[in-house]
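The values are calculated or read from the model by the stated rules, or taken from the named source; none is laboratory data. Owing to the predicted nature of the structure, the values given are computational and were not obtained by experimental measurement. For neighbour counting, all protein chains shown are included, and Cβ atoms are generated from backbone atoms with ideal geometry for every residue, glycine included.
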Amino acid sequence: MKHIVTGLFTAAILATGAQAQQNIVVGHALSPSSHYGVGAQAFIDTLTELSGGTFTGEQAPAGQLGGERDMIEGLQIGSIDVVVTSTGPLGNFVPEVFALDLPFLFRDYDHARAVLDGEIGQELLEKIGENNIVGLAWSENGFRHITNSQRPVRTPADLEGLKLRTMENRVHMTAFSGMGASPTPMAFPELFTALQQGVVDGQENPVTVITASKFWEVQKYVSLTGHVYSPAAVLASPILLDGLTDEQRGWFDEAAKASAAATRAEVNRLEEAGVEMLLENGMEVITDIDKAPFAALAEASYSVYTDEYGTEMVERIKAVE
Ligand code: EAX
């Protein structure tokens, strides 16, 4: 009898989670030293500090837990705690988020950050929350540029026939079809090998990702097209968060904010230093690009979002100062 009582008592303590120490796994697609790695570590450090060590954490970097789509699914079933991810596959789960993936929509970093930190960003985090995923904060990947192994890309005509890996994102695929490339959607962990083996000729990612992934080993040309802003999100599993007290939940919110701030600071640093790194590592960097013809051809992709949701959100985003 005494045994049973003790057993129940122990179970009750574990179930409240209040005292038990819990190790949080933060998954992401890039290296531990990347802008995501820096952000994941800031999440872990902030959470550990605020909780007085009740929560600890570790990174699962470099797609160890799968591609970004797999990791988002992991959040839904509770096999992963926290994920830092681009919005690449997120629209497949929360189609309203496709609004953020539209090409040539955000003018610059200040514009994008103002939108994500304001009312629109908050609304979209809430939409994420309606889909069995918790959106903790908007973080950042950066403005995306095209790299390839074949030729300098200066105009849409130069994209003709290029097999270009895109994220698993209908807006991006439609945009690249419009611009003349042959878009090939693929999860990020498969990309380096696909470039190496010539399965695809090129890809597009921000300077942050090109440097973190050393794409210069398999790509010669980078064109600073800045064709789309790539947000990132700090997401959590509702299965984890539903079990937390309000105080604990507050620590997760603070940790996510610290994560986003650390990642953005790293994006800023790499926007300053990154192009030099590309040049030093032997890439040819094409900067004299007229964006207007790319933008005109990419516009067809807006209908992926607007056919379903109309143009109001696009107008609201454009209107943010
Ligand atoms: O989130 O898939 C991609 O190209 C992403 O930009 C990358 O995984 C970082």
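P95 meets the stated requirement of being modelled with pLDDT of 95 or more, at negative phi and out of contact with any Ser or Thr (no Cβ under 9 Å at 6 or more places or on another chain).
For segment 223-248, a residue qualifies if it is crowded, with 17+ Cβ neighbours inside 10 Å and either among the polar types (S, T, N, Q) or closer than 14 Å to A295 by Cβ (or both), and the qualifying residues are S223, T225, G226, H227, V228, Y229, S230, S237, Q248. Here K127 clears all of (1) within 13 Å of the ligand (Cβ to nearest atom); (2) closer than 27 Å to G243 by Cα; (3) basic (K, R) except the condition numbered (1). R69 meets all of the listed conditions (1) over 24 Å from L270 (Cβ atoms); (2) assigned to a strand (DSSP E or B); (3) within 15 Å of the ligand (Cβ to nearest atom) but one, namely (2). What do you reckon, is R154 among the charged types (D, E, K, R) and part of a loop (DSSP other than H, G, I, E, B)? So R154 fits the description; yes. The residues in segment 52-66 that are more than 16 Å from the ligand (Cβ to nearest atom) and either closer than 21 Å to I210 by Cα or surrounded by fewer than 19 Cβ atoms within 10 Å (Cβ to Cβ) (or both) can be counted, and the count is 5. Helices (runs of 4 or more DSSP H) fully within segment 165-260 that include at least 2 residues being out of contact with any His (no Cβ under 8 Å at 6 or more places or on another chain) and away from the ligand (no atom under 15 Å from the Cβ): 170-178, 238-241.
For the criterion of being loosely packed, with under 13 Cβ neighbours inside 10 Å and closer than 17 Å to L47 by Cβ, D288 fails. Within segment 46-66, being free of Cβ contacts under 8 Å to residues at least 60 places away in the same chain, under 20 Å from V267 (Cβ atoms) and out of contact with any strand residue (DSSP E or B) (no Cβ under 7 Å at 6 or more places or on another chain) holds for one residue alone: P61.
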